[in-house]
Ligand SMILES: [Zn+2]
């Protein structure tokens, strides 16, 4: 017997299936990642018109649960289209990147109300063109926290000791965080360790920012440098680069990134 379920979700991906159907992935507050088969969703109301899900649209979904991971969508209502995203390419790219982050770091059947609320909030900011880079950083940190792999930015990842107050700090990808000077000195005895470099001041900023206790307003160059550090961490965690990252950070962002890299000596 089919049991009907309700969920609110953001469409992260949709793939055409047969002539009139789509398979779509959503991030929902109640059920985490949700994959649905939407039969007849692209059936044209009149000839020549194709419909289907809006990528990144916010929907109310009614579906029946089946065994396996593909649920059967019965009805859907578009609640919010974030139409401002389509006004400028950087907004759209940030939203695509957000979708890729969510697809990479969330799982099925695990409620994630905090991350879902953050995603909706960030999509609204992207649609308005408000603090795009800063909201990308918020989402990166949020996705990592939800996944349980957000670094601790204010203590040594190997011994929980105190981090250097200034200068370049070794960020150990293998340990998933920055290292104190003592653990840094032991690096030659740990061959095969994967590391990059971070700046002490950026780590402090990341610690403050990810705790949410205060809302510092970092400069754009600092935001990009923080995202760049998380990118190394994310790439190491997933074993691959997020596809949208390099598109997102082209242009203005990549110029400030280069400046930040020169300043930090990051590879
Ligand atoms: Zn240490």
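Since every read-out is calculated from the coordinates, none of them should be taken as a lab result. Quick caveat, the model's predicted, so the values are computed rather than measured. Note that we place each Cβ from the backbone using ideal geometry, even for glycine, and neighbour counts take in every protein chain shown.
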Exercise. Using the Cα gyration tensor of the chain, with a ≥ b ≥ c the square roots of its eigenvalues, what is the shape: rounded (a/c below 1.5), prolate (a/b larger than b/c) or oblate (neither)?
Worked result: prolate
For this session: Multiply the residue separation of residue 154 and residue 193 by 0.36 nm, subtract the distance between their alpha-carbon atoms, and state the gained length in nm to one decimal.
Result: 12.0 nm
Exercise. When the helices in the chain are scored as -39500 (n - 2.57) per DSSP H run of 4 or longer and the sum is shared across all residues, what 222 nm value do you end up with, to the nearest 500 deg cm²/dmol?
Worked result: -12000 deg cm²/dmol
Exercise. Taking 0.36 nm per intervening residue step and subtracting the Cα-Cα distance, what contour gain separates residue 74 from residue 111 on full extension?
Worked result: 11.2 nm
Exercise. Taking neighbour counts of Cβ atoms within 10 Å as a proxy for exposure, in what order, fewest first, do 147, 249 appear?
Worked result: 147, 249
For this session: Note the full-extension length gain between residue 64 and residue 6 as 0.36 nm times their separation in residues minus their Cα-Cα distance, in nm to one decimal.
Result: 20.0 nm
For this session: Quote the FRET efficiency, to the nearest 0.05, computed for residue 201 versus residue 236 with a Förster distance R0 of 25 Å and r equal to the Cβ-Cβ distance.
Result: 0.65
